[in-house]
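A quick write-up on the structure given underneath.
The values are calculated or read from the model by the stated rules, or taken from the named source; none is laboratory data. Only a predicted model underlies this, so the values are computations on that prediction, with no experimental measurement involved. Positions of Cβ are generated from backbone atoms using ideal geometry, with glycine treated the same way; all protein chains shown enter the neighbour counts. What goes into the accessible areas is simple: the full protein's heavy atoms, side chains included, and nothing from ligands, DNA or RNA. Shrake-Rupley method; radii C 1.70, N 1.55, O 1.52, S 1.80 Å.
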Amino acid sequence: MSADLTRSFFNAIRPLAVLLAIPALLAGCESLSPAECATADWRQLGVQDGSRGRTDRAADYYESCAKAGIAVNVAVYRAGRNQGLQSYCQPANALNEGLAGNSYEGVCPAPMDQNFRNIHGIAWREQDARKTLARLQYEQDQMQAELRDAKTAEDRKRTLREQLARSDRRIEEARYAVRDASYQLDRLRSDMRQRGQY
């Protein structure tokens, strides 16, 4: 990949990388400020965490609020979280979360967990297969552009031709993975429609 192409690629994905990093950064910030502890609606906070598929944060809230001398109503928080999980753990949401590439933290109650896990897994594999194919095609395009560049040295061109031959095989495998994952996803959607879940 030429320096210009590399720079263009990283400039193009930088805003996306920042956006993708925000949830990870926020996930590490489980604490509440003293002011938030003082005004917290523990039920609503629980509903919010549950409906977003978050793990139980009662211990984190308890620790941060204890420093401010404020008690956390853990029972009310957990009741709210259980209420939120009832909406999060629905089959249609499992499908949407998987297609969005969001991970599943295993938060659904036992009667709902396995079904959520199965639906989420099928949807996640489909979007992951498409991402893999897109990445491989992008990499191949960059190699082809470098190969066509008159400034590319002959020994580098030989290496690129070898890499492109391997890339063709990987792309064909990735296309097969997309076809298989899409077929599984179509079957899942059809089954969910018949059950009134989608």
*asked:* Which of the helices (runs of 4 or more DSSP H) found entirely inside region 56-118 contain at least 1 residues meeting this: acidic (Asp, Glu) and surrounded by 17 or more Cβ atoms within 10 Å (Cβ to Cβ)?
replied: 91-99
*How many residues does region 44-55 contain that are crowded, with 21+ Cβ neighbours inside 10 Å and in a loop (DSSP other than H, G, I, E, B)?*
1
*Identify, from the list Arg169, Arg187, Arg158, Arg175, the residue that is part of a helix (DSSP H, G or I), under 17 Å from Ile122 (Cβ atoms) and open to solvent by 70 Å² or more (accessible area, probe 1.4 Å).*
Arg187
_Going through Gln137, Gln197 one at a time, which residue ends up being polar (S, T, N, Q) and under 21 Å from Cys108 (Cβ atoms)?_
Gln197
_Condition broken by Arg135, with the remaining ones in (1) closer than 30 Å to Leu95 by Cβ; (2) open to solvent by 50 Å² or more (accessible area, probe 1.4 Å); (3) touching a Leu at 6+ places or on another chain (Cβ under 9 Å) satisfied_ = (3)
_For region 119-128, which positions are among the charged types (D, E, K, R) and open to solvent by less than 40 Å² (accessible area, probe 1.4 Å)?_
Glu126
*Here is a list of conditions, (1) assigned to a loop (DSSP other than H, G, I, E, B); (2) polar (S, T, N, Q); (3) touching a residue at least 24 places away in the same chain (Cβ under 8 Å); (4) more than 26 Å from Val47 (Cα to Cα), and Gln197 meets all of them except one; can you say which number that is?*
(4)
